[in-house]
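Notes follow once the structure below has been shown.
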Amino acid sequence: MLHITCNAPLKPLNTMGIDGTADALVEWGSASDLHTFFTDPAYESISHGTIKAIGQGSNLLFTVYRYEGAILRCTDTTIETIAEDENTATVRVHAGCVLDNLAKQMCDKALWGTENLSLIPGTVAGATVQNVGAYGAEIGTMVKAVHCYDRQEKREVILSHDDMAYGYRDSALKHEPLKNRLIVVATDIVLSKKPCPKLSYGNLHRTLSHLGDHITPLDVREEVIRTRRGKLPEVTETGSAGSFFKNPVVSPRAHRQVIEAATNMGIDTSTMPAHETITPNGEPGIKLSAAWLIDKSGWKGYRRWNVGTWPTQPLVLVNLTGYAAGIEITALARDIIADVRAKWGITLTPEVEYL
Ligand SMILES: Cc1cc2nc3c(=O)[nH]c(=O)nc-3n(C[C@H](O)[C@H](O)[C@H](O)COP(=O)(O)OP(=O)(O)OC[C@H]3O[C@@H](n4cnc5c(N)ncnc54)[C@H](O)[C@@H]3O)c2cc1C
């Protein structure tokens, strides 16, 4: 069912809790609703030619008080099993389904894959676009196909796993020519019936290895939830969009320069997180921790008017009072970027999308 609200309040549409108004909120349930909307002569006057598909707005920052365009949000939360064999189950998850609800249902069925992603806010559509990840798992590795509506061609299309070109918090849907053109309607996700716990990140190994072969997805989910609750703000209490910056991937030389700078500042680098990886150009790189760089630059627990960084996780910028404007957050982000660049020679890039 298509439902259109003009002058829709923004606050319920983003977890950062930024207030404002959108020209229109278009709630849709199916690809045929989208087709009706995009082929209706009223489309231009409702959207002014600008649309943004969102999930729970948990990775977005509204930087303007009035969003001049139409926000599209899916209301279909269905999860259906579409194929099954001895080793796997494939589920089709509609765009509006909350990722944590999917994780809960899959863990309840003893299916492996989504347990490490428990409690990440947002919808499965948002996760599909962002390639969300946590504790060594990424949703992209489980995605088999993505069903979309192409608003340019005005027809449904299916993208394969390879078409999605998944990378670190990245997919083809975040880039031209597909960005804001394809709207995710449903995602096919393959889960394993055979145990495949991923325990190498955080304290999962320490707390769960004693379970040995008896470990279940639910055990992992519960531990992930416990750990996340202790570290991150509850979005219903404090506005945030999760990690505000991406972890930078730098050359081995830049990594050495960070160590040198830290040593000159008398900072112990023995516990500095650094993981070997490959850069998008195919060269060897080192993934550093943006949180470590921000923390060691002195921003942990920083407060300024309505905004600040979260005391236990400085990578998370927060709307402390609930009254912050988007530009207060962007100003804080700009100051952090400039300070980290001055101290470490590394330019942080926002993971959060500015609108
Ligand atoms: C407290 C907190 C903790 C977080 N922890 C993590 C974490 O551990 N790991 C992690 O990866 N992320 C994390 N995040 C970030 C966020 O939860 C994810 O990026 C999530 O996938 C966003 O989903 P969403 O539905 O809210 O998408 P939105 O924020 O609404 O949108 C994100 C992007 O997806 C696009 N999009 C959404 N729906 C559609 C659709 N139907 N069709 C086409 N495009 C669409 C939007 O246009 C936008 O570009 C966290 C956020 C918060 C607030």
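Observations on the model:
- Among the listed pairs LYS11/LYS179; LYS193/LYS246; LYS52/LYS246; LYS193/LYS287; LYS52/LYS287, those with a Cα-Cα distance over 27 Å are LYS193/LYS246; LYS193/LYS287; LYS52/LYS287.
- Globularity index of the stretch 3-74, i.e. its alpha-carbon radius of gyration over 2.2 N^0.38 Å: 1.05
- Dipole magnitude (debye, nearest 20) for the stretch 3-74, charges at Cβ of Lys, Arg, Asp, Glu: 240 debye
- Of all the options ALA110, ALA290, ALA274, the one that moves most in a Gaussian network model of the chain with Cα springs shorter than 10 angstrom is ALA274.
- Dimensionless Rg over Rh [the stretch 79-231; C-alpha; Kirkwood]: 0.99
- Over all other residues within a Cβ to Cβ distance under 11 Å of GLY202, the charged ones net out to +4, with Lys and Arg as +1 and Asp and Glu as -1.
- The calculated FRET efficiency for ALA110 paired with LYS174, based on their beta-carbon distance and R0 = 45 Å, is about 0.85.
- Value of D in µm² per second that Stokes-Einstein yields for the chain, Kirkwood Rh from Cα pairs, at 4 °C (1.567 mPa s): 60 µm²/s
- Taking MET106, MET272 and counting other C-beta atoms within 10 Å, the order from fewest to most: MET272, MET106
- Ranked for footprinting exposure by Cβ neighbours inside 10 Å, fewest first, SER243, SER58, SER192, SER45 give SER45, SER192, SER243, SER58.
- Our summary gives the chain a relative contact order of 17 percent, counting only alpha carbon pairs under 8 angstrom and 6 or more residues apart.
- Order by protection proxy (mean Cβ within 10 Å, highest first), peptides 120-130, 136-146: 120-130, 136-146
- Proxy reagent accessibility, fewest Cβ within 10 Å first, across ASP40, ASP85: ASP85, ASP40
- With K and R counted +1 and D and E -1, the other residues having a Cβ less than 12 Å from that of GLY239 yield a net charge of -3.
- Relative contact order of the stretch 239-354, taken over Cα pairs closer than 8 Å and 6 or more residues apart, is 33 percent.
- For the chain, with +1 on Lys and Arg beta carbons and -1 on Asp and Glu, the positive-most of LEU102, ASN319, LEU332 along the dipole: LEU332
- Under 12 Å, Cβ to Cβ, from SER171 - net charge with Lys/Arg +1 and Asp/Glu -1: -1
- Kirkwood hydrodynamic radius of the stretch 289-355, Cα pairs, Å: 12.0 Å
All of the numbers you see were taken from the coordinates with simple rules; none came from a lab. For clarity, every value in this text was computed on a predicted model and none was experimentally measured. Methodologically, a virtual Cβ is constructed for each residue, glycine included, from the backbone with ideal geometry; neighbour enumeration extends over all protein chains shown.
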